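Step one of this worksheet: look at the structure below.
The values are calculated or read from the model by the stated rules, or taken from the named source; none is laboratory data. From a predicted model like this one, the values you see are computed outputs, not experimental measurements. When we count neighbours, we look across all protein chains shown, and the Cβ atoms used for this are built from the backbone with ideal geometry, even at glycine.
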Amino acid sequence: MEKKNLDWQSLGFGYVQTDLRYVANYRNGAWDQGGLTSQADITMNECACVLQYAQTCFEGMKAYTTEDGKIVCFRPDLNAARMADSCRRLEMPVFPEDRFVEAVCETVRANAAWVPPYGSGATLYIRPYMFGIDPVIGVKPASEYQFRVFVTPVGPYFKGGIRPLTVRISDLDRAAPRGTGHVKAGLNYAMSLYNITDAHRQGYDENVYVDSATRTFIEETGGANIVFIKDGTLVTPHSDTILPSITRRSLLYVAKEYLGMNVEERPVALSEIGDFTECGLCGTAAVISPVGAIDDHGTVHTYAGMGPTIQKLYDTLTGIQLGRLPAPEGWIKVIE
Ligand SMILES: *Cc1c(COP(=O)(O)O)cnc(C)c1O
């Protein structure tokens, strides 16, 4: 198959319209058969529930070209399960998990020419999402929904590629106790836009949120979980209000089983962040991006950036994803 003629190396993290996307519709209490379409635009009523009350959730995952030329994706069953959780929390119908994985594979296969080649540093970002589409004016869930999957080739998430990030401790909150911080709802991002724009204006790459109940524990950033390193131990915050990152869960396993490190998933106090030597942000888009500094209201804690441990974690995880290292059972789904 002939690849698209793109400058893969210089791709940023942006939307590029690809050839085909998957659409399924939920009406009268059931999902239709679904299928691929070339139509990238969506027409809906002015009063669609998603437009009025933001009833929408999404997933983010990637397809990779492996060293031996296969197209694969990484743990899609976990994205399917997480989207089901998001749907239940938002009163949306679950798109069956096996159909989710099938739809993802079908969309990637149909856009194989857009999957960046091995060694280019780029990947194919996959965006499954769902929204309430019929008119709703009184506050209640929609009764009709659309599930979609599109793909777009991407480079690094943070501008300038892999470089140490400077982040700040945020004064605004991301997630309330017993709220929606643990699901991938669009509303969690809408309310973060003011703060991320302000952070960029002030020269920071991201906001680090603390727990909104006590403001004494580290949670995560706007779009990535956070990990810390101290004396060969990987420490990551445990909290009911952070998004359960598949990258973070995979890194914990990799640290323990591949690198023989100790791992701790526990509350991480704001007062202890100066004790760590390395820090990273992790997510599908960020992979593991090194943090060089956390600014806590003028007290700046510095870290090794792409230090030896973050580098090892990065190399091992991407090694598994790109087929250079053996993967744990079930982690790699071969698409073609
Ligand atoms: C999607 C997301 C992440 C990363 O999750 P992955 O499964 O690793 O991609 C982290 N934090 C937030 C708030 C997210 O929305």
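Some points to look at:
- Selection of segment 274-283 for residues being crowded, with 18+ Cβ neighbours inside 10 Å, more than 16 Å from the ligand (Cβ to nearest atom) and over 17 Å from D315 (Cβ atoms) yields only F276.
- Here is the figure for segment 89-106: residues that are in a helix (DSSP H, G or I) and under 17 Å from I242 (Cα atoms) total 1.
- Note on segment 1-11: residues that are surrounded by 12 or more Cβ atoms within 10 Å (Cβ to Cβ) and among the hydroxyl-bearing types (S, T, Y) total 0.
- Residue satisfying condition, being under 17 Å from P93 (Cα atoms) and without any contact (Cβ under 8 Å) to a residue 24 or more places away in the chain, within set N5, N28: N28
- Tally, over segment 97-123, of residues that are aliphatic (A, V, I, L, M) and under 19 Å from K184 (Cβ atoms): 3
- Reported count of residues in segment 208-226, each being within 11 Å of the ligand (Cβ to nearest atom) and in a strand (DSSP E or B), is 6.
- Residue pairs whose Cβ atoms lie under 6 Å apart, separated by 6 or more positions or on different chains, with the first residue in segment 217-234 and closer than 23 Å to F158 by Cα and the second within 11 Å of the ligand (Cβ to nearest atom) and at pLDDT below 95, are A224/A286.
- Segment 203-215, subset in contact (Cβ under 8 Å) with a residue 40 or more places away in the chain and among the aliphatic types (A, V, I, L, M), residue nearest to D295 (Cα to Cα): V208
- Against the criterion of being of a type in the set (S, T, Y), on the phi < 0 side of the Ramachandran plot, loosely packed, with under 14 Cβ neighbours inside 10 Å and more than 10 Å from the ligand (Cβ to nearest atom), S271 qualifies.
- Each residue in segment 230-268 was checked for being outside any loop (DSSP other than H, G, I, E, B), closer than 25 Å to G179 by Cβ and near the ligand (Cβ under 10 Å from one of its atoms), and 4 pass.
- Inspection of segment 224-240 finds a residue satisfying the criterion of being acidic (D, E), in contact with a His (Cβ under 9 Å, 6 or more places away or on another chain) and over 11 Å from C282 (Cα atoms).
- Spans of strands (runs of 3 or more DSSP E) in segment 12-79 with at least 2 residues among the aliphatic types (A, V, I, L, M), surrounded by 12 or more Cβ atoms within 10 Å (Cβ to Cβ) and within 16 Å of the ligand (Cβ to nearest atom): 61-65
- Segment 156-167 - residue that is modelled with pLDDT of 90 or more and crowded, with 19+ Cβ neighbours inside 10 Å and, of those, farthest from C73 (Cα to Cα): V167
- Checking each residue in segment 159-202 for being more than 16 Å from the ligand (Cβ to nearest atom), outside any loop (DSSP other than H, G, I, E, B) and without any contact (Cβ under 8 Å) to a residue 12 or more places away in the chain picks out T197, D198, H200, R201.
- Residues of segment 80-117 that are within 20 Å of I320 (Cβ to Cβ), surrounded by 17 or more Cβ atoms within 10 Å (Cβ to Cβ) and away from the ligand (no atom under 16 Å from the Cβ): C105, V108, V115, P116.
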